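Trainee: Got a structure for you, written out below as structure tokens; questions coming shortly.
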Amino acid sequence: MMGVVLELDYVRLAPGFAREVLEIYENWEGKNSAPMKVRELMMVIEIEVNKLYDPGGWDRKYGMPKPPPLKDTKLS
């Protein structure tokens, strides 16, 4: 079985709606019995929504290395 590539452009079109869906999912008592694919989808949507609402938050949260600052090589 081949993997499916998710096109998450729809999250950018309606981030408020996606955020509401995530809140409902988080408050749902039966989410632990949801199929693994549904849990994976909700995790991916959560990541995309977090990127939209807090663009630098993902980098800060997981300590991804930042590109080194460039130095001015001109002599003054």
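Trainee: What number of residues in segment 27-76 are over 21 Å from Arg12 (Cβ atoms), assigned to a helix (DSSP H, G or I) and either at pLDDT 90 or above or not basic (Lys, Arg) (or both)?
Mentor: Selection size over segment 27-76: 8.
Trainee: Could you list, in sequence order, the residues of segment 25-54 that are surrounded by 11 or more Cβ atoms within 10 Å (Cβ to Cβ) and either over 15 Å from the mean Cα position of the chain (by Cα) or on the phi > 0 side of the Ramachandran plot (or both)?
Mentor: Listed by number, the residues that qualify are Tyr25, Trp28, Lys31, Ala34, Val38.
The values are calculated or read from the model by the stated rules, or taken from the named source; none is laboratory data. For clarity, every value in this text was computed on a predicted model and none was experimentally measured. Every residue, glycine as well, gets a Cβ built from its backbone with ideal geometry; the counts of neighbours run over all protein chains shown.
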